[in-house]
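Shown next, in structure tokens, is the structure this report addresses.
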Amino acid sequence: MAFQGCDSLVGEFQHRSKKSIVDRQLLDLLRHVLDHVAGVPRVSAHTDIVAGGGAAGRNLDKMSRMKQSGGSWGLDVDPVHDFAWIENFLDKNECREIVKIGKAAKLHAGGTGRDSDITERRKSKIAFLFPTVETAWLFEKVSGAIKQLNEQYFGFDLLNLGEGLQFTEYKSPSQFYDWHVDRGLGQSVRKLSITIQLTNPDAYQGGDLEMFASGDKIKAPREQGWFYAFPSWAEHRVTPVTSGTRHSLVAWVSGPKFR
Ligand SMILES: O=C(O)CCC(=O)C(=O)O
């Protein structure tokens, strides 16, 4: 677990206090305080990279892989995490403000890329938000979070939120978005997909954001204001909303072609 803006503080302190026991106790105390600072968003990620084994273990593992691949020594590339999230990224008032802006925009039926009409794979309404005086704060906040999570967990070359932000509405008794990936031919090169939960989880049933991560089906927590990021090639869906209405804010971050 880490906190936005506090890692460097802990790192700096750790660097200065290698030997002294008193300093180490202070470091523990500092960590403890940071772990309990109210309102500071908590940043986390899930990865399929299994830790352990040490250098010797890694080399043995590498030797066996090398045999399988005809003797070439592979690169130790940075891991790409399955997904990452920020707790309490937006507060209730910010969520309410976005829902107000989204509803005032023209909502229309969401398509699936292949078919711009309502299809069997998706039933929901959407509106695209673009930077204006009213939404500049939101673009600034979302892009700051993307930069931070990307540096920590994904390491993609990213350029922009060229498609704007998608405000999404799923109404009961059964609006949903079935399994899909966000990448497709003829689109900008989407690399990271973002979802922010805008609705109080008690206000609707169903409407879970689920995704496949390393072969497991994972359900994203429903907490209002939480922010999720995952590679745009990951399969995900929103299950049917069976009561109430769920709103989300979705974004795709594009960049140059993967190489
Ligand atoms: O509403 C969500 O949380 C996700 C929506 C989604 O997957 C999409 O619009 O591509």
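The values are calculated or read from the model by the stated rules, or taken from the named source; none is laboratory data. Bear in mind that the values here come from a model prediction, so they are computed numbers and not experimental data. Here the Cβ is made from the backbone with ideal geometry for all residues, glycine too, and neighbour counts use every protein chain on show.
For the stretch 125-141, the tally of residues that are part of a loop (DSSP other than H, G, I, E, B) and among the acidic types (Asp, Glu) stands at 1. Looking only at residues in the stretch 158-185 that are out of contact with any strand residue (DSSP E or B) (no Cβ under 7 Å at 6 or more places or on another chain) and among the aliphatic types (A, V, I, L, M), the one that is nearest to the ligand (Cβ to nearest atom) is Val181. Contact map, the stretch 243-256: residues that are of a type in the set (D, E, K, R) paired with residues that are in a strand (DSSP E or B) and within 13 Å of the ligand (Cβ to nearest atom), Cβ distance under 6 Å, separation 6+ or inter-chain. Pairs shown: Arg246/Tyr170; Arg246/Tyr204. Restricting Ser214, Ser232 to residues that are assigned by TED's automatic domain parsing to the domain that holds Gln148, within 17 Å of Ile146 (Cα to Cα) and either out of contact with any helix residue (DSSP H, G or I) (no Cβ under 7 Å at 6 or more places or on another chain) or near the ligand (Cβ under 10 Å from one of its atoms) (or both) narrows the list to Ser232. Please verify whether Ser188 is of a type in the set (S, T, N, Q), closer than 21 Å to Ala145 by Cβ and away from the ligand (no atom under 11 Å from the Cβ), treating the condition exactly as stated. Answer is yes for this residue.
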